[in-house]
Amino acid sequence: SVASGAILYLTITGVNQFAVAAGAAGIHVPSWASLVLGGNGRLVIENGSAVKDGNLIQGAGIGGNTGETCGTIAINGAELTVQSRYAACIGGGSNASGGTVVINGGKLTLYSEEAAAVGGGYHGNGGNITITGGQITGTGFYQGAVLGGGTAGAGGQVLISGGTLFLTNYGDGAGIGG
């Protein structure tokens, strides 16, 4: 977890893979914290989800825990594969908005269900997303947008000035928006 007010510079080397328990983010970046991710390695994150006391709990692959908006995330390199359900792959946890995500480079393969691949979790707004480079292959299932808001969330602000995007949604969600 990145401490509030801190900036973590994370360089990915080699091949790294882990699964995340329900409710927690794979790499926790809470509000008022920042993550700058780069490198030439590969990182694979697979998130699970659960229901507790009738509430859906799920943290983002990279970003906020359940009910938590993420801080600022900048991706400058590395190869990332993230699979998440009810929380964004990169952004907000379930029932939370997306925060600020800037993608300048890297190769991202993202799979999301009921939440945005980049942006808001289930019932979360998209936040602020800026893409200037890199390659993003995003696949959404059900109602969340690939870039923007999760199920029932507004799209937020999405600015694209570079990069290569392959976006597919196999449900009622938008490729970009809410």
#### Entry: Estimated distance in nm for a label pair at Leu10 and Thr168, the labels positioned 7 Å out from Cα along Cα-to-Cβ
2.7 nm
## Note on the structure
per DSSP, antiparallel bridges as share of beta bridges in the chain, % nearest 5, sits at 5 percent
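Give me the percent of the accessible area of region 73-145 that comes from carbon and sulfur atoms, probe 1.4 Å, all protein chains in place. Before the final figure, lay out the partial values.
Working: 770 of 1950 Å².
Carbon plus sulfur share of accessible area: 40 percent.
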## Note on the structure
With every protein chain kept in place and a 1.4 Å probe, the chain has an accessible area per residue in Å² of 40 Å²
### Task
Could you tell me which label, among [x] 18; [y] 31; [z] 55, carries the value of percent of Cα pairs over 25 Å apart calculated for this structure?
[x]
## Note on the structure
Using alpha carbon centers only, region 22-42 is separated from region 69-102 by a whole-angstrom value of 8 Å
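The values are calculated or read from the model by the stated rules, or taken from the named source; none is laboratory data. Quick caveat: nothing in here was measured; it's all calculated off a predicted structure. Heads up, the Cβs are rebuilt from the backbone with ideal geometry, glycines too, and the neighbour counts pull from every protein chain shown. The accessibility values were calculated without ligands, DNA or RNA, using every heavy atom of the protein model including side chains. Shrake-Rupley method; radii C 1.70, N 1.55, O 1.52, S 1.80 Å.
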